[in-house]
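First comes the structure, then the notes that go with it.
The values are calculated or read from the model by the stated rules, or taken from the named source; none is laboratory data. Because the structure is a prediction, the values reported are computed rather than measured. In this analysis, Cβ positions are derived from the backbone assuming ideal geometry, glycine residues included, and neighbour counts consider all displayed protein chains. With ligands, DNA and RNA removed, areas are computed over all heavy atoms of the protein, side chains included. Shrake-Rupley method; radii C 1.70, N 1.55, O 1.52, S 1.80 Å.
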Amino acid sequence: MTAELLEVSGLRTEFVTGGGVIRAVDGIDLKISRGETLGIVGESGCGKSITSLSIMQLLPKKIGRIAAGEIRFKGEDLVRKSARDIRRVRGNRMAMIFQEPMTSLNPVIRIGRQVAESARYHLKIGRKEAELLSIEMLRKVGISRPEQIVKQYPHELSGGMRQRVMIAMAMVCKPELLIADEPTTALDVTIQAQILDLMRELQQEEGTAILMITHDLGVVAEMCDRVVVMYAGQVVEETDVRTLFRSPQHPYTQGLLDSLPQLSEGRERLASIPGQVPNPLELPPGCRFAPRCPVKMRQCEESAPELLSTESGHQCRCFLRQMEKEAVGS
Amino acid sequence: MSTLNKPEETLNGATSLQGSDSLQPTDSDVLLEIRNLTKHYPIRKKMFSRQPAGAVRAVDGVSLSIKRGETIGIVGESGCGKSTTGRAVLRLVEPTAGEIRFEGTDIRALNPEQLRKFRTNMQMVFQDPYASLDPRWTVRQILEEPLRTHETIGQKELEDRIDSLMETVGLSPYHASRFPHEFSGGQRQRVGIARALALNPRFIVCDEPVSALDVSIQSQVLNLMQDLQQQLGLTYMFISHDLSVVRFISDRVGVMYLGKLVELAPTAEMFAEPLHPYTKALMSAVPQPDPDALRDRIVLKGDVPSPANPPSGCAFHTRCPVATERCRAELPELKTYGNRQVACHLYA
């Protein structure tokens, strides 16, 4: 068995639409070790959520499909598994929490039953035992009066409480991998702080690895060990969190960090990235970021750069960095 | 640009109204004076019952004055009443009580026809550029509507105005024949801004104008709004839950909690030294995009109480880390200390 808990290689996910086939995820490699937190950042439409749905095998059946690549979870390729085998893993060894805790809970089923559902299925426990387990889980995620909450319906809880319930649901089988897709985006900052604290605590207790998908660079800085930056379906940069914020290499990452209004700085003009994310049906022929890149060269519009890594494991998809490296090497 | 700078023409209605209604001389620096603004939504126990069983105190006695050309930021969490405050100022929701004076004109005293005319002065940019633009109208129709409603101008001039509006917000006039769905989120918000600018307003309420946008687009729109403010001398009320955005755009910041203003201060001072315990907790909760940032975070327990049944005394005492007996019993007033205001017994 390899040391990596999850190993995604060459993942390509496609959607069939009226306008043609969209490659939402185009050749992605990811690795997550046990107990580690990996962040995926990027803007709307960069493919970060589709990556997580592909890993969970939750793509919309009729229009979405994994066209190529492997998703190895504890050494076994999930892409080639039957739906039945996937169900043994999903919700059990890996679980997911979603952005909108209102729409991802069933409004007509009591909290207690929803929290224990996956435990009843995977751990084959009875109803009585399941109720005790959900009370214990709710207490663990910091819900007071769990004995009463298990009898309530989702609409009776606040947004922060609902997200705690989602976390309790995901953690009930003690998964080895937790995928969190924008878990705090719908929450207020003071509630976000509570939820992030809770996720960190649970991670330390259970040794769960977390794949954190977010657009919020503040959340990334606070939660993640390593970060993957995505743009238009591809990984453009990957490195440890400190290096990403101290010395970002890719012009997109640099632009993203510069355009953040900082809480700790005064008022001046914000840097911004001109233009917008390319239409996935009309991707530029060369580097996908070239049309918005402040330092683009002729080469960038003609051919697409590869994702290359340095000795320290810092990966970057940019011709400029490759040229610098070659210049140093010669 | 030239067509945008014609304030005399569109402000005629306002000046005539002002003469009739300004009872007291006003500070020439102050554009908008809000006193004790209140909006309560009645709760009815039974459907169709006339007797309200209580009230949701969405906005509960907010007072502030907004200076000409400044940006006042309003921050707070969901349900604190910041959006209702913005809407009540424009009378998009009818305030329950309070006084709103725009250059001396009492907005609450205007009849519907006067108010309609007066709205040329005060416009709004909404949060969701997907929901606030009619999907069946082209951008030209969207921008034409306010001009046709409030002004009598010929077709040629109308088209010139629309072209210049589009250019002002950084869109190509050639896009005017398109529908909203053909634009990205950032471009749609530009259309929303152009619509608000169509009648040369002096005051714009911006309700979470960049919250639905990605960071790289967000900064484009924030820069645009700041440029427009300088070019056109606009005054903004900028409502947002995002403290770093508010810090960037605002001259002064007001913090709201459960329908009340708990702190108001110049931006730099507010961020250098927040006074109210809620402001402190709010600021410490924002994740910093810096993995080495010092985090002495104040994590507040529990949720915001319901505005239908706010706690006694200081509304924040249920979550306040430094609450005392006095806070439970007595409501602290918003008091002035130098150039800032805070509503907390700690500073009394």
Would you mind finding the one in B:Phe203, B:Phe183 that is crowded, with 19+ Cβ neighbours inside 10 Å, within 14 Å of chain A (Cβ to nearest Cβ) and of a type in the set (Phe, Trp, Tyr)?
B:Phe183
Just one of the numbered conditions (1) open to solvent by less than 30 Å² (accessible area, probe 1.4 Å); (2) under 28 Å from B:Asn309 (Cβ atoms) is not true of B:Pro287; which one?
(2)
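Could you say which residue among B:Ala53, B:Ala14 is among the hydrophobic types (A, V, I, L, M, F, W, C), at pLDDT below 90 and assigned to a strand (DSSP E or B)? Explain how you work it out, then say what you get.
Values: B:Ala14 fails: assigned to a strand (DSSP E or B).
It is B:Ala53.
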Tell me, yes or no, whether the range B:147-156 has at least one residue that is closer than 24 Å to B:Leu92 by Cα and basic (Lys, Arg).
yes
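Do you know which of the residues in the range A:186-216 that are touching a Leu at 6+ places or on another chain (Cβ under 6 Å) and modelled with pLDDT of 90 or more is surrounded by the most Cβ atoms within 10 Å (Cβ to Cβ)? It would help to see each step written out before you state the result.
Restricting attention to the range A:186-216, the residues satisfying the condition of being touching a Leu at 6+ places or on another chain (Cβ under 6 Å) are A:190, A:208-211.
With the extra rule that they be modelled with pLDDT of 90 or more, the set shrinks to A:208-211.
Values: A:Thr208: 23, A:Ala209: 22, A:Ile210: 23, A:Leu211: 28.
Filtering first and then ranking leaves A:Leu211.
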Working carefully through the options B:Ser312, B:Ser306, find the one that is under 23 Å from the mean Cα position of the chain (by Cα) and polar (S, T, N, Q).
B:Ser306
Residues being outside any helix (DSSP H, G or I), more than 10 Å from chain B (Cβ to nearest Cβ) and not polar (S, T, N, Q) - total across the range A:190-234
13
Among (1) surrounded by fewer than 19 Cβ atoms within 10 Å (Cβ to Cβ); (2) touching a residue at least 60 places away in the same chain (Cβ under 8 Å); (3) within 14 Å of another protein chain (Cβ to nearest Cβ); (4) out of contact with any strand residue (DSSP E or B) (no Cβ under 7 Å at 6 or more places or on another chain), where does A:Ser312 come up short?
(3)
Using beta carbons and a limit of 7 Å, which pairs, at least six apart or on different chains, have the first residue in the range B:239-252 and farther than 17 Å from A:Ser272 by Cβ and at the interface with chain A (Cβ under 7 Å from one of its Cβ atoms) and the second one aliphatic (A, V, I, L, M) and open to solvent by less than 10 Å² (accessible area, probe 1.4 Å)?
B:His241/B:Val75; B:Leu243/B:Val75; B:Leu243/B:Leu282
Just a yes or no: is a residue in the range B:127-142 assigned to a helix (DSSP H, G or I), crowded, with 19+ Cβ neighbours inside 10 Å and either out of contact with any Asp or Glu (no Cβ under 7 Å at 6 or more places or on another chain) or not polar (S, T, N, Q) (or both)?
yes
Looking only at the range B:241-251, and only at residues there that are surrounded by fewer than 23 Cβ atoms within 10 Å (Cβ to Cβ) and either touching a helix residue (DSSP H, G or I) at 6+ places or on another chain (Cβ under 8 Å) or among the acidic types (Asp, Glu) (or both), the one that is farthest from A:Asp188 (Cα to Cα)
B:Asp251
Just the residues that are surrounded by 15 or more Cβ atoms within 10 Å (Cβ to Cβ) and in contact with a strand residue (DSSP E or B) (Cβ under 8 Å, 6 or more places away or on another chain), please, taken from the range B:321-348.
B:Leu334, B:Arg340, B:Gln341, B:Val342, B:Ala343, B:Cys344
Which of the residues belonging to the range A:113-127 are within 25 Å of A:Pro183 (Cα to Cα) and touching a Leu at 6+ places or on another chain (Cβ under 8 Å)?
A:Gln114, A:Val115, A:Ala116, A:Ala119
Do we have any residue at all in the range A:242-259 that's more than 12 Å from chain B (Cβ to nearest Cβ) and either of a type in the set (Lys, Arg) or surrounded by fewer than 24 Cβ atoms within 10 Å (Cβ to Cβ) (or both)?
yes
Heads up, the helices (runs of 4 or more DSSP H) in the range B:148-250 (entirely inside) with at least 1 residues that are acidic (Asp, Glu) are B:155-168, B:215-232
Filter pass, B:Ala281 being within 9 Å of chain A (Cβ to nearest Cβ) and within 25 Å of A:His215 (Cα to Cα):
yes
